[in-house]
DNA sequence: AATTAATGTGAAAACATATTCACATAAGGA
DNA sequence: TCCTTATGTGAATATGTTTTCACATTAATT
């Protein structure tokens, strides 16, 4: 009983991972049931044993990504003590996450996900704005401890941090890896740092 | 002879504008020939008198947007003398442009455009990176004149400027206008300014 | 070993959209 | 006015993808 449910969950996970893998090289529009099934050596119809429809698969992918992002955040909170280190570590991890898995920015910023239905768009918005709030908390905490200058708007700073990551992800995609994301982060970090500490 | 060609150009323009209008409320995937034609009171097949296919329409939209962006840049160069004012004005104009026309960020950041064919993606990348280069020039010019501190990387700063605009556009979309883009810019600007001048 | 539930299959149906084509009409130039 | 060309139409046609369904197989449970 538990085993079956487990097995089914594994299949679900496999489907999500196959989909994410396909998204590394293809746009969301090209994420076809047939292709996902093909990757797993299944017939297209088999996927309908695990998901109601294509949409449900997209939702599951979203959930999968949300998990990764938040786990990252949690890890950083635990391994690094002060705000500056946390932010830097987060930037590094983001760089890695995106480099390793192009599908993530592709789906997070895809208008197919946040463009269509209100429900999905709202969920998407909640994930992103929730993430921003977490960043804001880290920054505010740092301000309280005196690690970060107090005369700047924590929300705006969180936005700017996000602004280092997102355009980089986009340019990296567009340029097909030509744009050096790690280098961009390396150059952007000292500037951002100066902003945080005020020299 | 000239008149006919003119008339045809007007139709083309109308088609592009109708498409852009549809994109204000819909994702790129939903930009259907039938809908565009409907907006103009035409039969779908009529569009094929003006464009080879759907792709050609998307390309024309891209060109249209590129024109707007660069005209903006040109205007700012002419109306404002120093780098700081130019950047601030650019930010304001961006806010307006995006607020007025949701279709623009939607298409610029759509993976249907930069995800599919190499040619289109490359064109897209050239537009964006060309724009970044222009920003960089403005910044470098300001550095030479001593308006902007010289110990920061102009490219990275241009990236950060872009990073104020892009995520804001995204969040604004996702939140369906709930996210206050003008306010975001207002709060982000002083921080960015401090970065440029070093207090 | 028999039963049941889960999982998978192939073919067909449903759906959605782009595109073509033969024909119609209108407008401008000779 | 006649001729030519641009523009538009409606009805196919082409294309591509999701989803359903009756039936098969496998694995777990009794």
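Every read-out reported here was derived from the displayed coordinates using simple, explicitly stated rules and does not represent laboratory data. Worth saying up front: this structure is predicted, and the values here are computed from it rather than measured. Positions of Cβ are backbone-derived with ideal geometry, glycine not excepted, and every protein chain shown enters the neighbour counts.
At a glance:
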{"read-out": "Candidates B:74, B:89, B:112, filtered to the one that is free of Cβ contacts under 8 Å to residues at least 60 places away in the same chain and touching a helix residue (DSSP H, G or I) at 6+ places or on another chain (Cβ under 9 Å)", "value": "B:89"}
{"read-out": "Members of region A:21-61 that are more than 14 Å from every other protein chain (Cβ to nearest Cβ), free of Cβ contacts under 8 Å to residues at least 12 places away in the same chain and crowded, with 17+ Cβ neighbours inside 10 Å", "value": "A:37, A:42"}
{"read-out": "Selection count, region B:169-187, where residues are within 9 Å of chain A (Cβ to nearest Cβ) and touching a residue at least 40 places away in the same chain (Cβ under 8 Å)", "value": "2"}
{"read-out": "Region A:143-164: number of residues that are more than 8 Å from chain B (Cβ to nearest Cβ) and assigned to a helix (DSSP H, G or I)", "value": "5"}
{"read-out": "Helices (runs of 4 or more DSSP H) lying entirely in region B:1-101 (those with 3 or more residues that are within 15 Å of DNA strand C (Cβ to nearest atom))", "value": "B:2-25, B:33-39, B:54-79"}
{"read-out": "Some residue of region B:2-20 being over 30 Å from residue B:137 (Cβ atoms), more than 11 Å from DNA strand D (Cβ to nearest atom) and touching a helix residue (DSSP H, G or I) at 6+ places or on another chain (Cβ under 6 Å)", "value": "yes"}
